[in-house]
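**Q** One structure, as structure tokens, below. Some questions next.
The values are calculated or read from the model by the stated rules, or taken from the named source; none is laboratory data. Source: prediction; values computed, not measured. FYI the Cβ positions are ideal-geometry reconstructions off the backbone, even for glycines, and counts take in every protein chain you see.
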Amino acid sequence: MKVTVSTRHSDYDAIVIGSGAGGGVAAAVLAEAGKSVLLLERGRDLSFETVGRDHLRNQRMAVYGHNAGPDIDGNPRTLEAGSFPIPVGEALGDLRLLRPHEPGYQNNAACVGSGTRVYAGQAWRFMPQDFRMASEYGVPEGSSLADWPIGYEDLLPWYEKVEWEIGICGDHRTMTHLPAYDKPYPMPALPLPHKSGIHKRGLEQLGWQWLRVPRLINSVPYNDRPGCINCQQCVGFACPADAKNGSHNTTVPRALRSGNCTLRTEVMAERLACSAGGRVTGVTIIDANGQRQTLTADVVVLSCGAVETARLLLNSATPQEPTGIGNGGDQVGRNLQGHYYPGAAGLFPDVMFDGVGPGCSIATCQFNHGNDDIIGGGFLGDEDIVTPVTMWKRFYPPDAPRWGIEAKRFMRDNYRRINDVTGPVQEIPSPAARVNVNPQVKDKYGIPVAHLSGATHPETVRTARFMHERAKEWLRASGAIKVWGQPPPRYLSGGQHQAGSCRMGEDPAISVVDPFCRVHSHDNLFLADGSPHVTNGGFNPVETIMALAWRTADNIVAKW
Amino acid sequence: MKCLRALLDTIIPEDDFPGAWEAGVGDYLGRQLASDLAKLLPAYQAWLAGLDDEARVLHGADFAGISPRQRTALLMRIEQGAVEAAWQIEPAPFFRDIVEHCAEGFYSDPGNGGNRAGIAWRMIGFEVSG
Ligand SMILES: Cc1cc2nc3c(=O)[nH]c(=O)nc-3n(C[C@H](O)[C@H](O)[C@H](O)COP(=O)(O)OP(=O)(O)OC[C@H]3O[C@@H](n4cnc5c(N)ncnc54)[C@H](O)[C@@H]3O)c2cc1C
Ligand code: SF4
């Protein structure tokens, strides 16, 4: 691969579309290498105050809205009715018409930093086995399970870069499920909350591995920003101390500080611009005033997140690629995946809550692999502090009173005694779980919206049931006097951990990008977000997304 | 309004901590019925009318006029779908929705209008810093 610099003068060396986890990294690496970069973001740059602390409208509990975008109005998607177990949104013929905060929409966020503005910052390397799932387990019928074309060792240098340069705290000595670390984390693990100590003893009693959850949080001052003050409103909210490390306060400022990057917010990429020969020359954007403009660049990097990157490619059909750019093999948008989150809640005899945030500190990777007849697995961890209304809606025992003096007493006596453990399941991809576009439904810019259909492979549901049982076992070992919860049914997954929609591979017939995340049919179009993930590990994906984007961007620079 | 207040205070009654109304759940609901839940306003009105009718059929007084014990017993029957009056709206499912809205107002952040001065959080021990 060689990036050919067009003879015509372009507006920018590179345009990066999307300022989230992958896009922030790509912009920083390219700009620091001296390339002129335009970073486009459809959302706004949100202050701490704007994100706010609304317990009913945040990215964790989106009852009536959310706090990190996209705007509720003007950004619909459609969903095949069978893709969700209950009717969601509004009926639209046979389909469901969804707003961004509604279940089934598969939202992450839309703002500078995207999900990283409000995330929990759990920072996991995938395991070596996660990159070769088909070789480890075989391919179950009806699934598109495959190996990544790269392995753990290929990504390792960039995992380390993310850990040191973006900033991850943790205790590498406890990461015994991985090959030994060459470098420790740059910051020690966060203080252990009281309840995490109890859950750790539960794991020890079971003889299961335990580890300290690594997080993209400054446990001590780092990179010229302060350390975590252990507040109680971490996941779903912005950080009051600016100690949570997301794209908005790490990679995007790095890109801007280089002097080579322009950030434009509230700008929507409508479609890729192409020459008469079908070569990508830039992008057509629509700004907040509805002005349409075409901007040119030698290299274009899509970092819109798994759903929107697929949508943008499909909305960019050319005479050469009439079904969408990169879609010659009919692969764009397939294999959409995220994470099933089985878990369970328990009631403890003693108070568990000590108010020390963020909360999720102890986990076990005992069941990520090697589970008899289960394909893969996932980790289980304790939970970040749960807001009272989230406790009421998600973790309240199903048989406890819901109203009257008994209900009030129950919350009063037990809010501090209820705890849950949960974790992401490695999903088994299905080619039918898919992002398409719906030409009948347009967003506020007049662009055809994403249409979502299919569901995860049944093996995912089976793994989730298995992990649900392990969660209950752990809670009992930690001393819970009562445990409850249900394993999840089958549905289309994606959401905050969305990935896989433009998978990476050697063979253009069954993949969209090559092992360096270059779209097979183009020499200057790259993806730097979750979309190239062949599988998504039994771990939160963001450290892998950042590491892969870094590797991709370094490679673009190296071959430029 | 009297009916709504009596209803909310039966769902979350006063003890050594305030009940729903004093904690601001009425304000929460007022805001919500003027915005996110505007579509439910007619349902609320119909349900509250049904509640008063039910109290009159059983006790000869509207809901706010019967004793707290009678209110609780009445809501327990409604929860089971055992009603005497001619309701304009299916009573049991919408009662569950009202309970949910009431809890949202009581337990969510004070910025939403309920949980005045964080009183519900103080009660359950959700301490906020930072
Ligand atoms: C509450 C919450 C908690 C989370 N916790 C964790 C965690 O603990 N650990 C973890 O690993 N992950 C976590 N995540 C998920 C994490 O944020 C995502 O995995 C990650 O952000 C995905 O990166 P990405 O680069 O694929 O896409 P994104 O980060 O979503 O970036 C995509 C960006 O592109 C923009 N965009 C899309 N289309 C266009 C267009 N056409 N024009 C212009 N801009 C566009 C979007 O607005 C968005 O800003 C969490 C997410 C949330 C919301
Ligand atoms: S727990 Fe720490 S990192 Fe998380 S928001 Fe609070 S202060 Fe920030």
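**Q** Are any residues in the range A:335-367 away from chain B (no Cβ under 14 Å), under 30 Å from A:Gly227 (Cα atoms) and not in a strand (DSSP E or B), and if so, which ones?
**A** A:His339, A:Tyr341, A:Cys360, A:Ser361, A:Cys365
**Q** May I ask you to say which residue of B:Arg56, B:Arg96 is part of a helix (DSSP H, G or I) and either among the aromatic types (Phe, Trp, Tyr) or more than 22 Å from A:Pro401 (Cα to Cα) (or both)?
**A** Working: B:Arg96 fails: either among the aromatic types (Phe, Trp, Tyr) or more than 22 Å from A:Pro401 (Cα to Cα) (or both).
Just a single option satisfies the conditions, and that option is B:Arg56.
Residue by residue, here is whether (1) within 16 Å of ligand 1 (Cβ to nearest atom); (2) surrounded by fewer than 23 Cβ atoms within 10 Å (Cβ to Cβ); (3) hydrophobic (A, V, I, L, M, F, W, C) holds:
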{"site": "A:Val112", "(1), (2), (3)": "yes, no, yes"}
{"site": "A:Gly121", "(1), (2), (3)": "yes, no, no"}
{"site": "A:Trp124", "(1), (2), (3)": "yes, no, yes"}
{"site": "A:Pro128", "(1), (2), (3)": "no, yes, no"}
{"site": "A:Arg132", "(1), (2), (3)": "no, yes, no"}
{"site": "A:Pro140", "(1), (2), (3)": "no, yes, no"}
{"site": "A:Asp154", "(1), (2), (3)": "no, yes, no"}
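**Q** Same structure again: So, of the residues in the range A:204-228 that are more than 13 Å from ligand 2 (Cβ to nearest atom) and free of Cβ contacts under 8 Å to residues at least 24 places away in the same chain, which turns out to be farthest from the other protein chains (Cβ to nearest Cβ)?
**A** Taking the candidates together, the pick is A:Gly207.
**Q** Can you tell me which residue within the range A:383-415, out of those that are touching a strand residue (DSSP E or B) at 6+ places or on another chain (Cβ under 7 Å) and buried (at least 17 other Cβ atoms within 10 Å of the Cβ), is farthest from the other protein chains (Cβ to nearest Cβ)? Outline the logic, then answer.
**A** Here is the first cut: in the range A:383-415, the ones touching a strand residue (DSSP E or B) at 6+ places or on another chain (Cβ under 7 Å) are A:383, A:391, A:395, A:397-398, A:414.
Narrowing further to those that are buried (at least 17 other Cβ atoms within 10 Å of the Cβ): A:383, A:391, A:395, A:414.
Details: A:Glu383: 14, A:Met391: 8, A:Phe395: 12, A:Asn414: 8 Å.
Ranking the candidates gives A:Glu383 first.
**Q** Right, something else. Looking at A:Cys239, A:Cys231, which one is within 14 Å of chain B (Cβ to nearest Cβ), within 17 Å of A:Gly355 (Cβ to Cβ), within 16 Å of ligand 1 (Cβ to nearest atom) and surrounded by fewer than 24 Cβ atoms within 10 Å (Cβ to Cβ)? Reasoning before the result, please.
**A** Details: A:Cys239 fails: surrounded by fewer than 24 Cβ atoms within 10 Å (Cβ to Cβ).
Selected residue: A:Cys231, the only one of A:Cys239, A:Cys231 that is within 14 Å of chain B (Cβ to nearest Cβ), within 17 Å of A:Gly355 (Cβ to Cβ), within 16 Å of ligand 1 (Cβ to nearest atom) and surrounded by fewer than 24 Cβ atoms within 10 Å (Cβ to Cβ).
**Q** Got a number for residues in the range B:83-118 being away from chain A (no Cβ under 11 Å) and aliphatic (A, V, I, L, M)?
**A** 6
**Q** Moving to a separate point now. Among the residues of the range A:86-108, are any within 16 Å of ligand 2 (Cβ to nearest atom), basic (Lys, Arg) and either more than 14 Å from chain B (Cβ to nearest Cβ) or surrounded by fewer than 24 Cβ atoms within 10 Å (Cβ to Cβ) (or both)? First the steps, then the outcome.
**A** Here is the first cut: in the range A:86-108, the residues within 16 Å of ligand 2 (Cβ to nearest atom) are none.
No; the residues of the range A:86-108 include none that is within 16 Å of ligand 2 (Cβ to nearest atom), basic (Lys, Arg) and either more than 14 Å from chain B (Cβ to nearest Cβ) or surrounded by fewer than 24 Cβ atoms within 10 Å (Cβ to Cβ) (or both).
**Q** Then there's this: Does any residue in the range A:449-461 that is at positive phi come within less than 7 Å, Cβ to Cβ, of a residue that is outside any strand (DSSP E or B) six or more places away or on a different chain, and which pairs are these?
**A** These pairs meet every condition: A:Gly454/A:Ser83; A:Gly454/A:Ser430; A:Gly454/A:Ala432; A:Gly454/A:Ala433; A:Gly454/A:Leu492.
**Q** Oh, and also: Among the residues of the range A:508-552, write down those that are of a type outside the set (Phe, Trp, Tyr) and assigned to a strand (DSSP E or B). Steps first, please.
**A** If we filter the range A:508-552 for residues that are of a type outside the set (Phe, Trp, Tyr), which is where we start, we get A:508-515, A:517-525, A:527-538, A:540-549, A:551-552.
Selection gives A:Val513, A:Arg518, A:Val519, A:Leu525, A:Leu527.
**Q** Also, quick follow-up: Taking the conditions exactly as written (assigned by TED's automatic domain parsing to the domain that holds A:Thr544 and assigned to a loop (DSSP other than H, G, I, E, B)), does A:Ala146 satisfy them or not? Reasoning before the result, please.
**A** Values: assigned by TED's automatic domain parsing to the domain that holds A:Thr544: yes; assigned to a loop (DSSP other than H, G, I, E, B): yes.
Yes.
Yes or no, residue by residue, for (1) over 12 Å from the mean Cα position of the chain (by Cα); (2) buried (at least 18 other Cβ atoms within 10 Å of the Cβ):
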{"site": "B:Glu14", "(1), (2)": "yes, no"}
{"site": "B:Gln32", "(1), (2)": "yes, yes"}
{"site": "B:Ala49", "(1), (2)": "yes, no"}
{"site": "B:Asp52", "(1), (2)": "yes, yes"}
{"site": "B:His59", "(1), (2)": "yes, no"}
{"site": "B:Phe95", "(1), (2)": "no, yes"}
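**Q** Taking the stated definitions as given, is A:Gly505 more than 14 Å from every other protein chain (Cβ to nearest Cβ), more than 14 Å from ligand 1 (Cβ to nearest atom) and touching an Asp or Glu at 6+ places or on another chain (Cβ under 8 Å)? Before you say what the answer is, go through the steps one by one.
**A** Numbers: more than 14 Å from every other protein chain (Cβ to nearest Cβ): yes; more than 14 Å from ligand 1 (Cβ to nearest atom): yes; touching an Asp or Glu at 6+ places or on another chain (Cβ under 8 Å): yes.
Here the answer is yes, as A:Gly505 does meet what is asked.
**Q** Continuing with the same structure: Which ones in the range B:102-120 are surrounded by fewer than 22 Cβ atoms within 10 Å (Cβ to Cβ) and in contact with a helix residue (DSSP H, G or I) (Cβ under 6 Å, 6 or more places away or on another chain)? Please lay out each step first, then the result.
**A** Taking the range B:102-120 first, the residues surrounded by fewer than 22 Cβ atoms within 10 Å (Cβ to Cβ) are B:110-111, B:113, B:116-119.
Answer for the range B:102-120, where residues must be surrounded by fewer than 22 Cβ atoms within 10 Å (Cβ to Cβ) and in contact with a helix residue (DSSP H, G or I) (Cβ under 6 Å, 6 or more places away or on another chain): B:Pro110, B:Gly113, B:Gly118.
**Q** Of these, A:Ala28, A:Ala33, A:Ala14, which one is under 21 Å from the mean Cα position of the chain (by Cα), more than 11 Å from ligand 1 (Cβ to nearest atom) and farther than 30 Å from A:His457 by Cβ?
**A** Values: A:Ala33 fails: under 21 Å from the mean Cα position of the chain (by Cα); A:Ala14 fails: under 21 Å from the mean Cα position of the chain (by Cα).
So the residue among A:Ala28, A:Ala33, A:Ala14 that is under 21 Å from the mean Cα position of the chain (by Cα), more than 11 Å from ligand 1 (Cβ to nearest atom) and farther than 30 Å from A:His457 by Cβ is A:Ala28.
Table: residues versus (1) assigned to a helix (DSSP H, G or I); (2) on the phi > 0 side of the Ramachandran plot; (3) more than 30 Å from the chain's Cα centre (by Cα).
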| residue | (1), (2), (3) |
| --- | --- |
| A:Asp373 | no, no, no |
| A:Gly376 | no, yes, no |
| A:Asp384 | no, no, no |
| A:Val389 | yes, no, no |
| A:Trp392 | yes, no, no |
| A:Trp403 | no, no, yes |
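**Q** With surrounded by 24 or more Cβ atoms within 10 Å (Cβ to Cβ), in the same structural domain as A:Pro322 (by TED's automatic domain parsing) and either of a type in the set (A, V, I, L, M, F, W, C) or farther than 22 Å from A:Leu79 by Cβ (or both) as the only criterion, which of A:Val449, A:Val512 stands out? It would help to see each step written out before you state the result.
**A** On the way: A:Val449 fails: surrounded by 24 or more Cβ atoms within 10 Å (Cβ to Cβ).
Only one candidate passes the filter, namely A:Val512.
**Q** Answer with yes or no whether A:Arg96 is under 28 Å from A:Ala269 (Cβ atoms), charged (D, E, K, R) and not in a loop (DSSP other than H, G, I, E, B).
**A** Values: under 28 Å from A:Ala269 (Cβ atoms): yes; charged (D, E, K, R): yes; not in a loop (DSSP other than H, G, I, E, B): yes.
It is true that A:Arg96 is under 28 Å from A:Ala269 (Cβ atoms), charged (D, E, K, R) and not in a loop (DSSP other than H, G, I, E, B).
**Q** Among the residues of the range A:149-178, which ones are within 16 Å of ligand 2 (Cβ to nearest atom) and either farther than 30 Å from A:Pro253 by Cα or in a loop (DSSP other than H, G, I, E, B) (or both)? Don't jump to the end; show me each part of the working.
**A** Filtering the range A:149-178 for residues within 16 Å of ligand 2 (Cβ to nearest atom) gives A:166-170.
Selection gives A:Ile168, A:Gly170.
**Q** Oh, and also: In the range A:430-459, which residues are within 21 Å of A:Ile286 (Cα to Cα) and in a loop (DSSP other than H, G, I, E, B)?
**A** Selection gives A:Asp443, A:Lys444, A:Tyr445, A:Gly446, A:Ile447.
**Q** Follow-up question, since we're still on this one. Looking at (1) within 14 Å of another protein chain (Cβ to nearest Cβ); (2) buried (at least 17 other Cβ atoms within 10 Å of the Cβ); (3) over 30 Å from A:Val356 (Cβ atoms); (4) touching a residue at least 60 places away in the same chain (Cβ under 8 Å), which is the only condition B:Phe63 fails?
**A** Unmet for B:Phe63, out of (1) within 14 Å of another protein chain (Cβ to nearest Cβ); (2) buried (at least 17 other Cβ atoms within 10 Å of the Cβ); (3) over 30 Å from A:Val356 (Cβ atoms); (4) touching a residue at least 60 places away in the same chain (Cβ under 8 Å): (1).
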